[in-house]
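The values are calculated or read from the model by the stated rules, or taken from the named source; none is laboratory data. Computed from a predicted structure; not experimentally measured. Note that we place each Cβ from the backbone using ideal geometry, even for glycine, and neighbour counts take in every protein chain shown.
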Amino acid sequence: MRPLLLTLCCLLSPLGLAQDSGPPQTAGELARYPNAPSATAAQKVWIDTVIKQNYDRVNACHKEALKRDPRQVAFYNVMLQLGGDGIVRWGEIKATTSGDPLLDECVLNALKTMDYSRADTHDPFVVAHTMVLTPMDYPHEPALMKKNRASVEACYAEAQARVAPTDLRGVLSVRFVTREGKVVAPELLLDTSGEAGLGPCVLAAMDGWRVERGLSGRYQVVMRLTPEKGLTLYLQP
């Protein structure tokens, strides 16, 4: 099998969500980790670094999932609580598009068992991590999106003007049907950007998309937003 591409970032709906038994329930644990604060920017960078260095564990999960579905593309939004020793106390998948409970369980376990400890890790904290798993040969931006990209980029530019550019990040997922050369009934399934006007703008833009008349069926477009790379589009049949 060809090597896989693991894109760490941020795809859609809460299908079969995997999770453990939740936050520590014993009085001692709750006393040690009451309302752990969100990770600082430096802690988030460290968590991302550890996951990138150990992504082969997640990649192994995806390889097995591809045996079950060769076109498996999965978005994950995972929440982890880490103790001061860098050990994960609990974790859960807040949202995913995988539809594969075995993959969900494997990915969550891989992330929970990584070693996040380092010298300046002192206090417990909670961190959210998002990523997209795709096969190496996955068509990120086929002709259907290239010819209509400008309308979505306009929405992205408008959203950037309303917020600080470094704050605009996340994922939008839109499901739609193509019929007789047109996009019909686009539906927003997920929007983690936090920018209220972006989703409605994208839906209105996609309502005017034009496609080849021979192309018909149900599709899903996933839009990843990051300050570093801007707008990245994925198409999922």
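For the reader, a short list of remarks on this structure follows.
- Inside region 194-219, residues that are closer than 29 Å to M79 by Cα and not in a loop (DSSP other than H, G, I, E, B) make up a count of 7.
- Residues of region 184-208 satisfying the condition of being modelled with pLDDT of 85 or more and in contact with a Lys or Arg (Cβ under 8 Å, 6 or more places away or on another chain): P186, E187, E195, G197
- Condition check for G99: outside the structural domain of L188 (by TED's automatic domain parsing), modelled with pLDDT of 85 or more, surrounded by fewer than 21 Cβ atoms within 10 Å (Cβ to Cβ) and at positive phi: yes
- Test: residue in region 47-64 that is at negative phi, surrounded by 17 or more Cβ atoms within 10 Å (Cβ to Cβ), hydroxyl-bearing (S, T, Y) and assigned to a loop (DSSP other than H, G, I, E, B): no
- One residue stands out among those in region 160-181 that are closer than 16 Å to L235 by Cα and of a type outside the set (S, T, N, Q): the one that is nearest to the chain's Cα centre (by Cα), which is V171.
- Subset of region 182-193 [in a strand (DSSP E or B) and within 16 Å of the chain's Cα centre (by Cα)]: L188, L189, L190, D191
- Set R179, R175, R162, R218: member being of a type outside the set (S, T, N, Q), loosely packed, with under 14 Cβ neighbours inside 10 Å and closer than 23 Å to K147 by Cβ: R218
- Residues satisfying the stated conditions in region 73-130, i.e. of a type in the set (S, T, Y), under 19 Å from K52 (Cβ atoms) and not in a strand (DSSP E or B): T113, Y116, S117, T121
- Positions within region 182-202 being under 20 Å from A128 (Cα atoms) and loosely packed, with under 13 Cβ neighbours inside 10 Å, in sequence order: G194
- Residue match in region 132-149 (condition: modelled with pLDDT of 85 or more, in contact with a Lys or Arg (Cβ under 9 Å, 6 or more places away or on another chain) and farther than 30 Å from G181 by Cβ): no
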